[in-house]
Each structure stands twice: as structure tokens, then as C-alpha cells.
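See structure below.
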Amino acid sequence: MLYDGLSVGLFGGSFNPAHAGHLHVAQCGLRELALDRVWWMVSPQNPLKPKQPSYDSRVQTVEALGLNNRMDISHMERDFGTQYTIDMIRMAQTRHPRTRFVFLMGADNFSQFPKWKNWQEIAARVPIAVIARPGDGVKPRLSKTARFFADKRLPEERSHILQYLQPPLWTFLTPPLNNLSSTAIRKDMAYSRKT
């Protein structure tokens, strides 16, 4: 099959809108984890967030970033009809049993991870790479998730082998930070419409 033997970073989110900070996370995954590809998984509707703009409009914001040829927008969640990350991962592993998946997330999501459905199963199924976000400081590394998986942390200097190791396993990457956030962009857009 097309992705047999490859390592693929699963980078999910609402992307409302997608911005250079998200691209920074995806590029960090490719570079630091030595991944073959990154799949951008646009969530049809994040169950932890209020109603989102249309799926297609959010996909367009990802397309507008000009992804490089090692990044793809995956419509797997929409096509499978999955709402939760765990269901998407189960389906991806069933569909691509010989692909090495790594789950990419910003440090802000890592702190909220215990709110996700079956979060411990997610961690048991795929290694996780947590990418530092501006303003988070050490909080994610002291979170409930970090404490629960304290003995499963791979040092950052060994993160390039994460894809080959058995989960549960996670690493925390601290690349140069990008200060953009979707929340700030939405606030700027709302302000611009009022003026």
C-alpha cells in the first residue's frame, strides 16, 4: 500500500483558522521526528469547542498556508464519520497497518488531554510528540498527563527515534516558538469587522 513502511505525523485540530503557528508545529514534527509525512486532520467538529465554521472553510485556511510536498490534508475524519481522535486513530491503524503513526499536538492540548475521550488508549496506540507553544512555560510538563506518563517520556535529543518505539511514549519538543494563535486571529478579524 501507498504508506507501507512510512512514518506519518497525525496533526489534528479545528484550524479555526489555520495559521503560521500551526505550520510551525507541523514543520517541527517533520524535522525533529524525522517523519516522512504529516497529515493535517481537520476536525469536522471538535467536541470540546463550540460550533465551528464550516469544514470546507477551515480546510481552505490550511490550503492557504502552502503546505510543502511532505504534508497532506487528510479528510479521514470527515470520510469515516468519526468525531473523536481515538476513533480516527483506530480507523487509520486499521486502514494502514504497516504505517508508523505519531500523534502531534501543541503543548496547550497536552494539558487538556485527560478531557479527551479514551485519552489513555490514544497514548497506548501511538507515540505522542508535544510541541512547546508560547506562554505555556513548564505547565504542560507538570500537567496531569505528564505526571501520569512520567516514566514514558523520551528525551528531546532522542526524539528522532520516537516513531520506531512502542507506545505509550511521548516527547516534548522545544523549537523556537511562533506566537500566532487562532484565538488571537479570530479576535483581530472580529475587531476589523467592527471598524
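The values are calculated or read from the model by the stated rules, or taken from the named source; none is laboratory data. All values derive from a computational prediction rather than experimental measurement. Cβ coordinates were reconstructed from backbone atoms using ideal geometry, including for glycine residues, and neighbour counts include every protein chain displayed.
Quick one: would you say PRO175 is at pLDDT 95 or above and either loosely packed, with under 15 Cβ neighbours inside 10 Å or not in a helix (DSSP H, G or I) (or both)?
Here the answer is no, as PRO175 does not meet what is asked.
Just wondering, is there one or more residues in the range 142-153 that are over 19 Å from VAL25 (Cβ atoms), assigned to a loop (DSSP other than H, G, I, E, B) and free of Cβ contacts under 8 Å to residues at least 60 places away in the same chain?
yes
ILE86 is checked against (1) in contact with a Lys or Arg (Cβ under 9 Å, 6 or more places away or on another chain); (2) in a strand (DSSP E or B) and fails just one. What number does that condition carry?
(2)
Of the residues that sit in the range 19-59 and are among the small types (Gly, Ala, Ser) and in contact (Cβ under 8 Å) with a residue 60 or more places away in the chain, which one is surrounded by the fewest Cβ atoms within 10 Å (Cβ to Cβ)?
Here the residue is ALA20.
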